[in-house]
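Right, one structure below, let's go through it.
The values are calculated or read from the model by the stated rules, or taken from the named source; none is laboratory data. Values in this document were obtained by computation on a predicted structure and should not be read as measured data. Cβ coordinates were reconstructed from backbone atoms using ideal geometry, including for glycine residues, and neighbour counts include every protein chain displayed.
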Amino acid sequence: MYRQPQNLPDKFRYLLAAFRALGVFLIALLLVSPMVKSTNYQPQKPLILIAQDNSQSVNTFHPRDFDADKFVDELAKLKHQLGNGYEVQEFNFGHDLNSGLSKSFNAKQTNIAAALRQLNDRFVNQNIGALILATDGSYNQGADPQYEARNFKTGIYTIALGDTNAKRDLLIGNVNYNKTAFLGNDFEIEVLTQAYQSKGETMHLSVTEDGRQVNAQIIPVGNDAFKKNLTIKLNADKKGVHKFNISITPVKNELSTQNNTETIYVEVLDSKQKILLVYDAAHPDISVIKQAIEANKNYELKTSFTADIGSLKLSDYSLIMLHQPTAGSFVALKDIIAKTKTPVWYLLGDQADISNFNTAQKLTNISTTRADMQEVFAQPVPEFTSFVLSDSTMQKLAKMPPLLAPFGTYTLPATTGVLFKQRIGTVATNYPLLLFGDEGGRRIGVLTGEGLWRWQLAEYAQYGSHHAMEELFSQSVQYLTANANRQRFRVYPSKNVFDEGENVLFNTELYNDALELVNTPDVKIELKNTAGKNYSFLATRTGQSYQLDAGILPVGEYTYTASTTLGNRLFNAAGQLTVKPLNLEISQSAANHQLLRNIAVQSGGKMLPPSQMNQLADLIRKNENIKTLVYEDRHYNDMIDVKWIFGLIVVLLGLEWFLRKREGEV
């Protein structure tokens with residue numbers, strides 16, 4: 001094109017030719033769809049985490065020259081001392097982890113392991129340079145912090161607060177006891193007594209039952225770090241709930257008297273409720289169920305093969321549990337299932353006969369064409385109202401490993417009470433996992449999955465106890481066997497001793513003449529403390545029963561009375577409960593600096609006293625392992641997605657056209 005025109009200067013022709021050649025080249029290049037590599041570099045500053053113990057013990061047991069407010073101010077200066085080369089995040093902890101530093105020191109529990117775990121979970125895969133842990137090393141909740149600290153892949157610098165010298169104090173360290181006893185029997189309580197800096201003193205311990213002394217002990221204190229376990233035998237001479245106060249007489253100059261007293265409640269029963277678990281083949285779930293139920297001393301569970309039930313007197317049992325009932329089980333128990341009012345709890349699994357199960361009860365129907373099982377997680381149903389499980393138990397069970405449930409379609413009537421639905425992977429379904437209901441005055445329970453042994457192992461691994469499993473089975477059995485005691489009006493707190501700051505919860509059940517649950521009339525509940533202050537409530541109707549959340553009540557002893565009218569008959573119920581102060585933070589006055597030293601050494605950090613906190617910034621700056629990381633991010637994109645190339649083509653061709661137009665060539 002630019003070889004012929006002679007009226008254009010050579011340099012001008014070459015420039016226009018270059019514009020056109022470059023534009024055509026770019027267009028041709030786009031046609032072959034080449035890839036373009038782009039690289040970004042993202043620097044990430046080292047993250048310095050500060051975790052400050054905000055529990056009462058830090059500001060209660062400390063050296064004379066320790067100023068808590070000044071200490072927090074000095075700790076806050078670390079962010080400015082490190083400068084812009086570091087990102088500093090500040091937290092405080094007691095029972096839970098909270099953002100920011102705090103001067104309140106009002107946490108009544110200390111869980112160092114939980115704070116470490118939450119920090120590690122929150123900042124996983126980030127550039128954590130160092131963790132600064134300021135605490136006295138004393139903890140009264142959770143696991144040993146040393147094990148959780150091993151999960152940190154960075155140095156932990158501990159600031160050793162508190163005083164390692166124990167203060168003068170007498171206290172009740174722990175009380176072990178069974179919550180139930182049986183009429184006419186002796187029962188034992190085990191009391192751990194402790195004394196610090198009190199050598200030569202005499203400890204006077206007394207046990208009173210409803211204000212009457214039933215036992216007294218005199219214990220000489222032989223050293224300054226004294227501990228002794230006492231086994232005290234008491235007699236269950238009267239049916240009902242009995243309150244026992246265990247107290248140690250204070251001595252002169254004692255640090256605290258709040259930890260000198262403990263209150264326990266023991267329910268005296270005529271006899272245990274008997275439960276029968278019938279199965280055709282051995283299974284690890286059977287042992288788990290037995291342990292969970294017998295943790296409640298009200299219940300005695302007997303296991304039996306289906307073939308052996310002919311030798312049992314089935315009328316002695318308040319509940320029959322059928323574990324994976326086969327066709328043979330349904331034949332052997334046909335009359336019991338069809339004709340009696342004994343509650344039944346079906347526990348399904350791979351060996352269960354689904355066809356006979358669908359016929360035997362009307363709570364749910366499982367439609368399946370194959371004998372496959374599928375993994376299902378527990379999805380709590382907030383609307384469930386038949387009984388109450390604590391929030392911690394519901395949260396724990398929702399995190400448990402999956403159970404195995406029959407594959408199929410589940411249908412159920414609208415009146416059925418579902419405690420847990422099935423969650424398949426991340427998909428929540430309406431299929432029931434654990435449900436309860438009433439059929440003609442007999443209560444029925446159905447667990448559609450097997451694998452409870454997984455739950456037991458997982459709960460112990462994560463929380464160090466089986467409390468959630470025990471509460472689940474205890475409350476479930478209590479609901480299923482409620483008709484057996486023929487008590488028409490029942491009002492009972494979820495437990496007899498509540499911790500300070502804990503919501504006081506009540507369950508209420510009212511039965512008509514046919515022993516069917518009703519909640520038509522109002523139920524009034526009144527609480528009265530020892531100071532004479534009254535709290536009046538109206539129970540809330542939930543499902544077929546009642547519930548009451550009385551909220552947080554002041555520390556003290558309470559009696560409660562409840563009343564309602566059904567037809568022309570008045571029903572009353574009464575009882576007592578205690579809201580006790582949390583004394584965990586004053587039960588151990590000596591700081592545990594050895595724990596802090598071990599954590600620092602195993603992580604490659606260092607333990608410092610508060611007076612040397614000003615060295616922290618230099619220690620962190622001199623640590624060669626704490627440095628900014630630069631992350632390289634590479635992307636490959638089609639050239640056709642690069643927008644500026646289109647702009648360049650338009651500019652080149654447009655400029656060429658404009659110059660040619662100006663020279664009269666267009």
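Numbers for the structure displayed
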item: Matching residues in segment 169-223 - criterion: being in contact with a His (Cβ under 9 Å, 6 or more places away or on another chain) and in a strand (DSSP E or B); result: Ala181, Glu209, Ala216, Gln217, Ile218, Ile219
item: Number of positions in segment 237-263 that are crowded, with 19+ Cβ neighbours inside 10 Å and either modelled with pLDDT of 90 or more or within 19 Å of Asn176 (Cα to Cα) (or both); result: 7
item: Single unsatisfied condition, Thr520 versus (1) in contact (Cβ under 8 Å) with a residue 40 or more places away in the chain; (2) closer than 22 Å to Val241 by Cα; result: (2)
item: Some residue of segment 85-96 being at pLDDT 90 or above, in the same structural domain as Ala130 (by TED's automatic domain parsing), touching a Pro at 6+ places or on another chain (Cβ under 6 Å) and not polar (S, T, N, Q); result: yes
item: Residue check, Val32 farther than 30 Å from Ser392 by Cβ, at pLDDT below 90, surrounded by 13 or more Cβ atoms within 10 Å (Cβ to Cβ) and among the hydrophobic types (A, V, I, L, M, F, W, C); result: no
item: Failed condition for Thr578, given (1) surrounded by 16 or more Cβ atoms within 10 Å (Cβ to Cβ); (2) within 14 Å of Tyr492 (Cβ to Cβ); result: (2)
item: Top-ranked residue in segment 265-276 [being under 30 Å from Glu190 (Cβ atoms) and touching a helix residue (DSSP H, G or I) at 6+ places or on another chain (Cβ under 9 Å); ranked as surrounded by the most Cβ atoms within 10 Å (Cβ to Cβ)]; result: Ile275
item: In segment 184-200, residue surrounded by the fewest Cβ atoms within 10 Å (Cβ to Cβ) [restricted to those that are hydrophobic (A, V, I, L, M, F, W, C) and farther than 17 Å from Phe61 by Cα]; result: Leu192
item: Close pairs from segment 74-86: first more than 16 Å from Ala130 (Cα to Cα) and touching a residue at least 12 places away in the same chain (Cβ under 8 Å), partner surrounded by 15 or more Cβ atoms within 10 Å (Cβ to Cβ) and not β-branched (Val, Ile, Thr), Cβ under 8 Å, at least 6 apart; result: Glu74/Pro610; Glu74/Met613
item: Hits in segment 367-387 (condition: closer than 22 Å to Leu277 by Cβ and either of a type in the set (Phe, Trp, Tyr) or at pLDDT 90 or above (or both)); result: Met373, Ala378, Phe387
item: Residue check for Thr202: free of Cβ contacts under 8 Å to residues at least 60 places away in the same chain and hydroxyl-bearing (Ser, Thr, Tyr); result: yes
item: Subset of segment 599-614 [hydrophobic (A, V, I, L, M, F, W, C) and in a helix (DSSP H, G or I)]; result: Ile599, Ala600, Val601, Met613
item: Residue selected from segment 382-414 under the condition within 22 Å of the chain's Cα centre (by Cα), farther than 15 Å from Val446 by Cα and of a type in the set (A, V, I, L, M), by the criterion surrounded by the most Cβ atoms within 10 Å (Cβ to Cβ); result: Leu397
item: Residue within segment 540-556 that is in contact with a Lys or Arg (Cβ under 7 Å, 6 or more places away or on another chain), part of a loop (DSSP other than H, G, I, E, B) and either under 20 Å from Val388 (Cα atoms) or of a type in the set (Lys, Arg) (or both) present; result: no
item: Test: residue in segment 302-318 that is in a strand (DSSP E or B), surrounded by fewer than 16 Cβ atoms within 10 Å (Cβ to Cβ), among the hydrophobic types (A, V, I, L, M, F, W, C) and modelled with pLDDT under 90; result: no
item: The one condition in (1) of a type in the set (Val, Ile, Thr); (2) buried (at least 18 other Cβ atoms within 10 Å of the Cβ); (3) touching a strand residue (DSSP E or B) at 6+ places or on another chain (Cβ under 9 Å) that Val288 fails to fulfil; result: (3)
item: Residue selected from segment 269-301 under the condition outside any strand (DSSP E or B) and free of Cβ contacts under 8 Å to residues at least 60 places away in the same chain, by the criterion farthest from Glu450 (Cα to Cα); result: Glu294
item: Wholly enclosed strands (runs of 3 or more DSSP E) of segment 463-525 bearing at least 3 residues modelled with pLDDT of 85 or more and in the same structural domain as Gln547 (by TED's automatic domain parsing); result: 489-493, 503-510
item: Neighbours by Cβ (under 9 Å, 6+ apart or cross-chain): first from segment 385-408, outside the structural domain of Glu470 (by TED's automatic domain parsing); second assigned to a loop (DSSP other than H, G, I, E, B); result: none
item: Positions within segment 334-383 being over 23 Å from Gly408 (Cβ atoms) and either out of contact with any strand residue (DSSP E or B) (no Cβ under 9 Å at 6 or more places or on another chain) or in contact (Cβ under 8 Å) with a residue 24 or more places away in the chain (or both), in sequence order; result: Lys334, Asp335, Ala338, Lys339, Thr340, Lys341, Thr342, Pro343, Pro382
item: Segment 146-168: number of residues that are more than 21 Å from Leu255 (Cα to Cα) and either out of contact with any Gly (no Cβ under 6 Å at 6 or more places or on another chain) or in a loop (DSSP other than H, G, I, E, B) (or both); result: 12
item: Hey, Ala295 surrounded by fewer than 20 Cβ atoms within 10 Å (Cβ to Cβ) and either basic (Lys, Arg) or within 28 Å of the chain's Cα centre (by Cα) (or both) or not; result: yes
item: Flag if Val427 is over 23 Å from Gln291 (Cα atoms) and either in contact with a Pro (Cβ under 8 Å, 6 or more places away or on another chain) or among the small types (Gly, Ala, Ser) (or both); result: no
item: Flag for Asp308 being in the same structural domain as Ala468 (by TED's automatic domain parsing) and either within 32 Å of the chain's Cα centre (by Cα) or without any contact (Cβ under 8 Å) to a residue 40 or more places away in the chain (or both); result: yes
item: Where Leu596 falls short, out of the listed (1) part of a strand (DSSP E or B); (2) at pLDDT 95 or above; result: (1)
item: Selected residue [under 14 Å from Glu585 (Cα atoms) and surrounded by fewer than 23 Cβ atoms within 10 Å (Cβ to Cβ)] from Gly155, Gly137, Gly173, Gly162; result: Gly173
